[in-house]
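Readers should treat all values here as calculations from the given coordinates under stated rules, not as data from a laboratory. Because the structure is a prediction, the values reported are computed rather than measured. Counting neighbours? That spans all protein chains shown, and the Cβs are built from the backbone with ideal geometry, glycine included.
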2 protein chains.
Amino acid sequence: MARPRNFNEDQVLDIAIGVFREKGYEGTSTEDLVSAMGIGRQSLYGAFGDKRSLYLAALRRYNTQSVTELLDVGRGASSPMKAIEAILIHFVRHHGRPEAAACMGVNAICEFGTSDEDVLSITRQSGKLLEQSLARWINEARGKGEIDKTIEPKAAAQFVAAALTALKVAARGGAAPATSRNIVAYTLRSLSN
Amino acid sequence: MARPRNFNEDQVLDIAIGVFREKGYEGTSTEDLVSAMGIGRQSLYGAFGDKRSLYLAALRRYNTQSVTELLDVGRGASSPMKAIEAILIHFVRHHGRPEAAACMGVNAICEFGTSDEDVLSITRQSGKLLEQSLARWINEARGKGEIDKTIEPKAAAQFVAAALTALKVAARGGAAPATSRNIVAYTLRSLSN
DNA sequence: CTAATTATTGACTACTTGTTCCATAACTGG
DNA sequence: CCAGTTATGGAACAAGTAGTCAATAATTAG
């Protein structure tokens with residue numbers, strides 16, 4: 001029994017994600033946000049609290065969507081090892097696209113380090129989810145004989161996750177597509193024998 | 001024939017590096033800088049121009065020192081392949097140290113992406129130098145039969161450089177030392193057969 | 001329709017930002 | 001010692017910052 005919102009919360013949150021991803025937390029002003037999101041200042045504060053809360057909400061949403069998308073790519077593969085491959089190649093395929101040009105998750109880690117408890121916890125959560133899924137696939141691949149028995153699923157998963165991070169930083173820095181391909185190729189090489 | 005500087009330029013630049021590395025460009029205020037560097041505002045502007053110029057000078061110095069240190073570690077090794085190993089292990093050994101907790105170079109890439117021409121050029125230059133040196137060692141290792149003939153020095157060098165990037169981001173995010181060890185182990189695994 | 005509740009709008013505030021001005025201090029070649 | 005030059009310190013400034021206020025608009029339960 002009150003006036004309804006004039007905007008869709010998730011929709012404008014996606015816009016905020018785009019701004020934060022491109023300019024970082026400190027580099028983004030509330031003016032940047034309201035003008036990009038197309039809502040009034042008070043609406044922003046009413047719906048999201050303050051700048052930091054908005055950032056955290058954006059980061060949560062970004063990371064969740066990001067990992068979900070990646071896992072979906074993996075699930076679409078025809079075998080466990082193909083899942084790992086597909087996830088890595090996914091980055092090469094989307095190299096240079098604006099959405100791939102900056103990972104909000106990696107940027108958050110670099111900007112805040114371990115100084116912000118909340119940022120850290122969001123980052124850790126999605127990192128853990130990704131690693132666990134990768135480890136599961138690697139373990140299955142090992143069981144099926146797709147990869148060597150000497151490979152430790154958990155350690156290898158951390159390695160693959162690290163490769164994903166490196167791919168994101170490379171893309172952010174404007175690396176050539178061939179560079180991404182090379183990184184993927186040698187990452188897979190580590191597992192393939 | 002004029003009043004001499006009251007401070008050592010490189011010395012205070014090193015302090016600026018520390019501040020920028022921890023807080024990023026946007027996250028650092030001139031107040032942060034002058035109070036950390038222990039010099040007056042006007043001295044800072046007189047010696048370094050403006051905030052951006054100071055940042056660029058700091059980034060140049062950081063990257064140069066960083067790559068130099070890494071190459072020195074490699075040169076101290078007993079064989080080409082040991083050089084690659086030593087460089088990677090170097091990160092594991094220094095894991096958690098404040099100086100390793102944040103890489104100004106990686107942070108610069110994440111914060112600016114490809115938007116700042118000058119940052120990009122500084123980053124590219126040291127990246128190129130590192131990659132070329134890595135490629136040279138890898139090529140020598142291949143010639144000596146330390147690694148497989150199917151390994152392409154340039155591509156593998158990009159892969160190793162990517163691993164270094166990932167190690168830095170992992171450390172920045174407060175990853176456990178074991179994670180770094182795993183990343184190094186699987187990076188080497190890719191080359192070792 | 002009315003009352004209650006929430007959203008929107010735009011002006012406003014207190015503060016921080018990067019940068020500059022200016023008077024003074026320290027130095028050196030002549 | 002003097003004149004010229006550069007460094008320093010502190011105050012000052014205009015622009016930008018995150019966040020708030022108060023009046024108005026839109027909605028619905030009764």
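Couple of notes before you dig in:
- Candidate set from region A:37-47 (those that are more than 22 Å from the chain's Cα centre (by Cα) and outside any loop (DSSP other than H, G, I, E, B)); member that is farthest from DNA strand D (Cβ to nearest atom): A:Ala47
- Residues of region B:22-35 satisfying the condition of being within 14 Å of DNA strand D (Cβ to nearest atom), in a helix (DSSP H, G or I) and out of contact with any Leu (no Cβ under 9 Å at 6 or more places or on another chain): B:Glu31, B:Ser35
- Filter result for B:Ala141 (part of a helix (DSSP H, G or I) and more than 9 Å from chain A (Cβ to nearest Cβ)): yes
- Of the listed requirements (1) more than 25 Å from B:Ser79 (Cβ to Cβ); (2) more than 13 Å from chain A (Cβ to nearest Cβ); (3) outside any helix (DSSP H, G or I), B:Ala101 misses just one: (2).
- Matching entry among A:Val92, A:Val19 (being more than 12 Å from chain B (Cβ to nearest Cβ), within 16 Å of DNA strand D (Cβ to nearest atom), more than 14 Å from the chain's Cα centre (by Cα) and of a type in the set (Val, Ile, Thr)): A:Val19
- Residues in region A:140-189 that are over 23 Å from the mean Cα position of the chain (by Cα) and of a type outside the set (A, V, I, L, M): A:Glu140, A:Arg142, A:Gly143, A:Lys144, A:Gly145, A:Glu146, A:Asp148, A:Lys149, A:Thr150, A:Glu152, A:Arg189.
- Within region B:106-121, restricting attention to residues that are surrounded by fewer than 20 Cβ atoms within 10 Å (Cβ to Cβ) and assigned to a helix (DSSP H, G or I), the residue that is nearest to the other protein chains (Cβ to nearest Cβ) is B:Leu120.
- Within region B:169-184, the set of residues being more than 7 Å from every other protein chain (Cβ to nearest Cβ) and surrounded by fewer than 22 Cβ atoms within 10 Å (Cβ to Cβ) comprises B:Ala176, B:Pro177, B:Ala178, B:Arg181.
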